[in-house]
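Input: a single structure, listed below in structure tokens.
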Amino acid sequence: MIDLFTAPTPNGHKASIMLEELGVPYTVQRLDLGSGAQKTPEYLAINPNGRIPAIVDHAPLDGGAPFPVFESGAILIYLAEKYGKFLPAETRLRSEVIQWTMFQMGGLGPMQGQANVFFRYWHEKYQPAIDRYQNETKRLYKVLDQRLEGRDYLCGAGRGEYTIADIIMFPWPNIHGWAGVEIADLPNLSRWRTAIRERPAVQRGLAVPGDVPAADVVKFAQAIVVR
């Protein structure tokens, strides 16, 4: 069994979509970020960075103690390796998938995240910051649009195959409007986004963080031995 600690954000959606795509049993604990649940000692024992998502695998392949994993990219790689899905074994294809996974982790996520903050939440309207992060998000969207020319998915031969690169990327352009960035002029990205959204596992994964009650993380953390 896997415990998922999450909240309704793009990063939270990555992990729940992955678990739904895998079809493996897991429990869901939604953290109320506004109350600081992600900063409790119990949760920090699972994720020292105090962010979501995180998982705890109670049946790791080595047969040892429950194993916590934090950072969404690390979670997807861990699950893909454990279950042998969505991450090719062949060296070049595997590297390709990890490259695009890192593109999201190091580029699109941070840039669009800042666009969200300054466009929606900042205590004052500071247009240079809004322009900076919206423009960089749009630039990265254009990279994706070019990559998806003639392709169904980001990685793989021919039209590609569905991998963790698609899973980790999707939640950000899925909410492009929240950052004030349009994609109507990016036909390949728009087509890909629509196709991913139509996957039943993706629809279930998107619903997960919003459909569960607030969690008491203590009862889950008590069973964890962090090594």
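What follows is calculated from the coordinates using simple rules that are stated; it is not laboratory data. As the structure is a computational prediction, the values presented were derived from the model and not from experiment. Here the Cβ is made from the backbone with ideal geometry for all residues, glycine too, and neighbour counts use every protein chain on show.
With +1 on each Lys and Arg Cβ and -1 on each Asp and Glu Cβ, how big is the dipole of the chain about its Cα centre, in debye rounded to the nearest 20?
That gives the chain a dipole magnitude of about 280 debye.
Based on the Cβ-Cβ distance of V24 and Y121, what FRET efficiency does E = 1/(1 + (r/R0)^6) give at R0 = 30 Å, to the nearest 0.05? Efficiency, rounded to the nearest 0.05: 0.30. Here the contact order of segment 7-119, divided by its residue count and restricted to Cα pairs under 8 Å and six or more residues apart, works out to 19 percent. Estimated at 0.36 nm per residue, the fully extended path between Q203 and I175 surpasses their Cα-Cα distance by 8.7 nm. Based on C-alpha pairs under 8 angstrom that are at least 6 apart in sequence, segment 91-199 has a relative contact order of 31 percent. Footprinting exposure proxy ranking of K39, K14, K125, K85, fewest other C-beta atoms within 10 angstrom first, gives K125, K39, K85, K14. With contacts taken as Cα pairs under 8 Å at a separation of at least 6 residues, the chain carries a relative contact order of 30 percent. Derived scalar couplings between HN and Hα for segment 59-75 equal 9, x, 5, 7, x, x, 5, x, 10, x, 9, 10, 6, 4, x, 5, 5 Hz in order, rounded to whole Hz, by the Karplus curve 6.51 cos²θ - 1.76 cosθ + 1.60 (θ = phi - 60°), x for Gly and Pro. The charge dipole of segment 1-62, taken about the Cα centre with unit charges on the Cβ atoms of Lys, Arg (+1) and Asp, Glu (-1), comes to about 280 debye, rounded to the nearest 20. When both bridge partners sit in the chain, DSSP labels roughly 60% of those beta bridges antiparallel. Taking θ as phi - 60° and the Karplus parameters 6.51, -1.76 and 1.60, the scalar couplings of segment 191-201 work out to 4, 4, 4, 4, 5, 5, 4, 7, 5, x, 5 Hz in sequence order, x denoting glycine and proline. Under 5 Å between amide hydrogens, built in the peptide plane, is the criterion, and for A54 it picks out F5 among residues at least 5 positions away or on other chains. Considering helices alone, the calculated mean residue ellipticity of the chain at 222 nm is -13000 deg cm²/dmol, with DSSP H runs of length four and up weighted by -39500 (n - 2.57) and normalised per residue.
Listed from fewest to most Cβ neighbours within 10 Å, the set V117, V181 follows the order V117, V181.
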